Amino acid sequence: MIQRFDVNARLSHMAVHNGTVYLAGQVPVDAGQDIGGQTLQVLAAIDALLARAGTDKSKILMAQIFLADLADFPGMNLAWDAWAPAGHTPPRATVEARLAKPEWKVEIVVTAAV
C-alpha cells in the first residue's frame, strides 16, 4: 500500500511505501531570508513531514540538496550541521541548480526509513 500526503494536481508532498518515506523537494516559505534562514525553514518542513510519517531525521537514508548558487554552500552547511543528528548524518549530495523560483536559494529532497 502507498500512502500519499498533501496531494494536489501536480504532486504529493510525501509518500510512504514499504517502510520508506519519500519527500518531495522542500523549499522555503519566506524566500526573503538569507541562505541560513531559508535552509532552516526547509529543515523544519522536513522535520514536520517526517513526524507525520512517524519517523525523524535520524532515519534519513539520503539527502539531495540543490543550491541556486554554490557560493551559499558554507551558509547552508552551517544550518545543516546544527540540525543534522550527531552519529546519524545521512549520505548527501549537493549540486548547483536553477530552482523553480529565482528567489529560492535552496531545495532539499530526502528519503527516510519509518
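Below is a table of values for the structure above.
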| quantity | calculated |
| --- | --- |
| Residues of type aspartates and glutamates that K105 reaches as a straight line, Cα spacing below 12 Å, ignoring anything fewer than 8 places off in the same chain | D30, D34, D69, D72, E96 |
| Residues D34, D56 arranged by fewest to most Cβ contacts within 10 Å | D34, D56 |
| Helix 73-83 axis, angle to the chain major axis (alpha carbon atoms, nearest 10°) | 40 degrees |
| Helix axis angle, 35-52 relative to the chain longest principal axis, alpha carbon, degrees | 0 degrees |
| Whole-number percent relative contact order across the chain, with pairs defined as alpha carbons under 8 Å at least 6 apart | 35 percent |
| Theoretical ellipticity at 222 nm over the chain - DSSP helices of four or more residues, -39500 (n - 2.57) apiece, nearest 500 | -8500 deg cm²/dmol |
| Among (i) 48, 18, 10; (ii) 20, 16, 13; (iii) 23, 17, 11, the entry derived from the coordinates for semi-axes √(5λ) of the Cα gyration tensor in Å | (iii) |
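Each reported figure results from applying straightforward, stated rules to the coordinates on display, with no laboratory input. Just so you know, these numbers come straight off a predicted model, no measurement behind them. Neighbour counts run over all protein chains shown; Cβ positions are idealised from the backbone, glycine included.
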